[in-house]
Amino acid sequence: MQVSVENTSALERRMTIAVPAERVENEVNKRLQQTARRAKVAGFRPGKVPMSVIRQRYEDAARQEAFGDLVQASFYEAVVEQKLNPAGAPAVEPKSFEKGGDLEYVAIFEVFPEFTVAGFDSIAVERLSAEVTDADLDNMLEVLRKQNVRFEVADRAAQNEDQLNIDFVGKVDGEAFAGGSAQGTQLVLGSGRMIPGFEEGLVGAKAGEERVLNLTFPEDYQNLDLAGKTAEFTVTVNSVSEPKLPELTEEFFAQFGIKETGIDGFRAEVRKNMERELRQAIKTKVKNQVMDGLVAANPIEVPKALLENEVNRLRVQAVQQFGGNIKPEQLPAELFEEQAKRRVVLGLIVAEVVKQNDLKPDEARVREMIQEMASAYQEPEQVVAWYYKNDQQLNEVRSVVLEEQVVDTVLQKATVTDKSVSYEEAIKPVQAPAAD
């Protein structure tokens, strides 16, 4: 077999492969002999059909089958021989495939980029430290109470955080518009559900009162037909209800699966969850800084095939998350290209760090991570056992641990600055930089 390789770009390879005629004819004859054993031809007993008849009827089909199998087998042999690492399936261009002659074709494909990960010492990481104080715990208990708020009808004027039951009709230029009217809608004042001025215009209203609000839709309103336009809303307040926070009782604790432990037991459980969230938030922020640093220090070209596969994965995830009747392929690829490229680049870099440092998942850390996740459940032992009975789930945890080990490897050479902050600052998500 003859093989020649041309580098048409940094990652693209154009490989010409010639398979000797003898090998081609052997493959064709092998298929014809298999066909002869099972072919049913009028006038002949099964297995007794002359080869000349078999060849006349089935040779074209056998040759096409042989072509596909030979291309697949010879391509694999060629990339092994040439020590190439394809990043996707090749595009095949047949050049010659005539009876009695060599099979010659061109395979065009991309290879994985070859690089050495460097620049660990150029990465700067700010590592936060914080603790859960009693004040943080008190704030969290208030949050939990507000998440379970009840509303009771109040005989007074509406205030912020009250829930109003309203009917309203919206008009632009004297004409009602689609989606601008509703009846019996529950609206919490200050929630920001409605356009600016709507909720503010109902503060002080009482049950049975009608108010007319003249408002302007924001310029960036999602409905472009209404963006920037002035509208008149006639609003009837059916009822005003005030918020009632639940008391910290056994009944309240039971909603969170915590029973018969009293306020001290409930506080201890909430604190434990907050500390777990804190550890994860700090770890995630460190990891993100390390990954950003690795990407900045190691610019690499991404194979188109890998980028396309990742874009398609993100399309499917978007459809699964947001639903609707849209098909993944209908979503524009450019919506996902930036995120897909970062994922592919990070995947290649992380894999190379693992290879360069001969890293393997630390099984003790794997168990520790599983136990940490299981501690959030009422019967953690069963959760741990479930992970160790499910290879797919267990391997996913191993992958996360291996990624953490990559982060640890980088931190050994990176510039790390420790900073003490409050609990709230530590768990606050990092805001993406504003676009120019």
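The values are calculated or read from the model by the stated rules, or taken from the named source; none is laboratory data. Small disclaimer: the values here were computed from a predicted structure and weren't measured. Cβ coordinates were reconstructed from backbone atoms using ideal geometry, including for glycine residues, and neighbour counts include every protein chain displayed.
Where in the stretch 299-401 are there helices (runs of 4 or more DSSP H), lying fully within it, with 3 or more residues that are buried (at least 18 other Cβ atoms within 10 Å of the Cβ) and touching a Leu at 6+ places or on another chain (Cβ under 7 Å)?
On the way: elements: 304-322, 337-356, 363-374, 380-389.
Where helices (runs of 4 or more DSSP H) fall fully within the stretch 299-401 and carry at least 3 residues being buried (at least 18 other Cβ atoms within 10 Å of the Cβ) and touching a Leu at 6+ places or on another chain (Cβ under 7 Å), they are 337-356.
Rundown of residues vs (1) of a type outside the set (Ser, Thr, Tyr); (2) under 16 Å from residue 161 (Cβ atoms); (3) in a loop (DSSP other than H, G, I, E, B); (4) modelled with pLDDT of 95 or more, yes/no style:
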position: 182; (1), (2), (3), (4): yes, no, no, yes
position: 187; (1), (2), (3), (4): yes, yes, no, yes
position: 206; (1), (2), (3), (4): yes, no, yes, yes
position: 222; (1), (2), (3), (4): yes, no, yes, no
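Report whether or not residue 99 is over 24 Å from residue 301 (Cβ atoms), part of a loop (DSSP other than H, G, I, E, B), at pLDDT below 90 and not assigned by TED's automatic domain parsing to the domain that holds residue 300. Give the steps one after another, and end with the answer.
On the way: over 24 Å from residue 301 (Cβ atoms): yes; part of a loop (DSSP other than H, G, I, E, B): yes; at pLDDT below 90: yes; not assigned by TED's automatic domain parsing to the domain that holds residue 300: yes.
So residue 99 passes the test.
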Residues in the stretch 140-159: is at least one more than 30 Å from residue 238 (Cα to Cα) and either touching a residue at least 12 places away in the same chain (Cβ under 8 Å) or of a type in the set (Ser, Thr, Tyr) (or both)?
yes
